[in-house]
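Here the structure comes first, spelled out in structure tokens, and everything after it is commentary.
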Amino acid sequence: MQITRQADYAVRAVLYLAKLGPQEKAATSQIAEEQDIPLSFLAKIIAQLSVAGLLQTMRGARGGVTLARDPEEITLLEVVEAIDGPIMLNECVNGSYKCPVEGCPIRAVWRDAQADLVERLRSTSFSEFLQPA
């Protein structure tokens with residue numbers, strides 16, 4: 001499984017804002033330049049993250065982008081799912097999927113792996129990345 005480039009850019013943008021500090025704003029163009037993200041692509045990502053309640057945007061001379069919540073309240077899972085939708089390692093993990101292989105033993109592995117990944121992303125907040133390594 002690989003997250004989309006858009007989700008990767010979203011994670012990088014949120015991390016950049018988390019490192020700025022509480023209530024500090026950055027211009028979309030500044031984030032794009034410093035994180036090497038195409039500006040038009042980043043504008044769409046910021047809009048999606050804003051709709052998801054993760055970022056706040058303000059227009060005007062004193063405008064910019066800031067986190068909508070503290071970094072410890074924003075998880076990797078929220079950011080990835082705001083862009084890519086729910087994590088799904090295999091379609092058979094979906095409860096409504098009818099597998100053509102009766103009693104397939106692999107489904108349990110996919111289900112457990114997905115649960116582990118989701119829990120890891122859910123339990124990882126952006127505040128963890130602000131501590132020195």
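The values are calculated or read from the model by the stated rules, or taken from the named source; none is laboratory data. Worth saying up front: this structure is predicted, and the values here are computed from it rather than measured. Glycine gets a Cβ as well: all are built from the backbone with ideal geometry, and neighbour counts include every protein chain shown.
To keep it simple, each residue is scored yes or no on (1) touching a Cys at 6+ places or on another chain (Cβ under 7 Å); (2) modelled with pLDDT under 95; (3) β-branched (Val, Ile, Thr).
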residue	(1), (2), (3)
GLU33	no, no, no
ILE37	no, no, yes
ILE46	no, no, yes
SER50	no, no, no
GLY64	no, yes, no
GLU78	no, no, no
Test: residue in the range 93-108 that is within 23 Å of ALA7 (Cα to Cα), free of Cβ contacts under 8 Å to residues at least 40 places away in the same chain and in a helix (DSSP H, G or I): yes
Output for the range 48-65, where each listed residue is farther than 21 Å from SER125 by Cα and not in a strand (DSSP E or B): ARG59, GLY60, ALA61, ARG62, GLY63
Residue pairs meeting the criteria (Cβ under 6 Å; at least 6 apart or on separate chains; first farther than 16 Å from GLY60 by Cβ, in the range 11-30; second polar (S, T, N, Q)): ARG12/GLN35; TYR16/GLN35
Qualifying position, being surrounded by 12 or more Cβ atoms within 10 Å (Cβ to Cβ) and either touching a His at 6+ places or on another chain (Cβ under 8 Å) or closer than 16 Å to GLN6 by Cβ (or both), among LEU49, LEU117, LEU89, LEU67: LEU49
Residue selected from the range 21-38 under the condition under 18 Å from the mean Cα position of the chain (by Cα) and not polar (S, T, N, Q), by the criterion surrounded by the fewest Cβ atoms within 10 Å (Cβ to Cβ): ASP36
Condition met for GLN56 (surrounded by fewer than 21 Cβ atoms within 10 Å (Cβ to Cβ), polar (S, T, N, Q) and in contact with a strand residue (DSSP E or B) (Cβ under 8 Å, 6 or more places away or on another chain)): yes
Residue in the range 115-128 that is over 23 Å from TYR9 (Cβ atoms), in a loop (DSSP other than H, G, I, E, B) and not hydroxyl-bearing (Ser, Thr, Tyr) present: no
Any chance ALA7 is crowded, with 16+ Cβ neighbours inside 10 Å and either of a type in the set (Lys, Arg) or closer than 20 Å to SER125 by Cβ (or both): yes
